[in-house]
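As structure tokens, the structure follows; a few thoughts come after it.
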Amino acid sequence: MCQPQDASTLTAFDIRIDRFDCFNEDGALYNIDKTLATMVHEYGHALTLNASQIDPSKRDDSSGFNDPAAYRDGSYLKAFYDQFYAGGAASYIDRPENYVDEYASSSPFEDIAETFMVFVTGGKPTGSTMADQKVAFFYGYPELQSVRSYIRTNFAFPAD
């Protein structure tokens with residue numbers, strides 16, 4: 001879970017991982033791939049939900065991070081929303097090819113975090129589905145390619 005320390009500023013976040021995503025009941029580390037993917041997903045939230053991306057004064061607590069009126073011009077989340085959600089969104093059941101996985105279909109802010117995780121942990125997409133286009137979206141930002149390279153290098157993901 002990635003949660004702002006102060007929702008009125010969105011300048012610092014706490015990232016929490018369920019211990020059962022990392023450790024079995026005996027405390028032994030397991031499922032390292034899922035652990036790293038979860039950490040990247042939660043980092044994706046911190047990257048896309050901070051004050052440079054969302055105007056806290058326009059954010060309504062009842063809508064969480066689902067109100068595009070709060071997305072700042074030039075933010076990753078606004079660009080992602082405008083490109084993939086402005087015309088509406090199909091459900092995962094109707095259009096699974098629009099999402100990297102079922103969880104991504106729950107909201108635009110979960111979609112961007114889950115898609116960021118696939119961008120970091122996977123290879124460059126070669127297909128033409130909307131899910132592939134969403135992953136390719138991140139390649140349009142050199143600074144995010146740098147983040148991807150840094151994470152892949154320092155967390156021992158395979159080279160491309």
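The values are calculated or read from the model by the stated rules, or taken from the named source; none is laboratory data. Since the structure is predicted, the reported quantities are computational estimates derived from the model, not experimental observations. Every residue, glycine as well, gets a Cβ built from its backbone with ideal geometry; the counts of neighbours run over all protein chains shown. Side chains are part of the model used for accessible areas, which takes the heavy atoms of the whole protein and leaves out ligands, DNA and RNA. Shrake-Rupley method; radii C 1.70, N 1.55, O 1.52, S 1.80 Å.
Exactly one condition in (1) of a type outside the set (Ser, Thr, Tyr); (2) closer than 25 Å to Phe155 by Cα; (3) open to solvent by less than 30 Å² (accessible area, probe 1.4 Å); (4) within 12 Å of the chain's Cα centre (by Cα) is false for Phe80; which is it?
(2)
Looking at (1) open to solvent by 40 Å² or more (accessible area, probe 1.4 Å); (2) more than 18 Å from the chain's Cα centre (by Cα), which one does Ala90 not meet, given that it meets all the others?
That leaves (1) as the condition not met.
I'd like to check which helices (runs of 4 or more DSSP H) are fully inside the stretch 52-160 and have at least 2 residues that are touching a residue at least 60 places away in the same chain (Cβ under 8 Å).
Values: elements: 76-84, 108-121, 130-138, 142-154.
Fully inside the stretch 52-160 and qualifying: 108-121, 142-154.
Could you please find all residues in the stretch 145-156 being out of contact with any Leu (no Cβ under 8 Å at 6 or more places or on another chain) and open to solvent by less than 40 Å² (accessible area, probe 1.4 Å)?
Answer for the stretch 145-156, where residues must be out of contact with any Leu (no Cβ under 8 Å at 6 or more places or on another chain) and open to solvent by less than 40 Å² (accessible area, probe 1.4 Å): Arg148, Ile151, Arg152.
Among residues belonging to the stretch 19-51 that are in a helix (DSSP H, G or I) and among the aromatic types (Phe, Trp, Tyr), point out the one that is modelled with the lowest pLDDT.
Phe20
Looking at this structure, is Ser128 loosely packed, with under 13 Cβ neighbours inside 10 Å and more than 26 Å from Ser146 (Cα to Cα)?
Here the answer is no, as Ser128 does not meet what is asked.
Could you tell me whether any residue of the stretch 64-74 is at pLDDT below 95, more than 26 Å from Arg16 (Cβ to Cβ) and hydroxyl-bearing (Ser, Thr, Tyr)?
Taking every residue of the stretch 64-74 in turn, none turns out to be at pLDDT below 95, more than 26 Å from Arg16 (Cβ to Cβ) and hydroxyl-bearing (Ser, Thr, Tyr).
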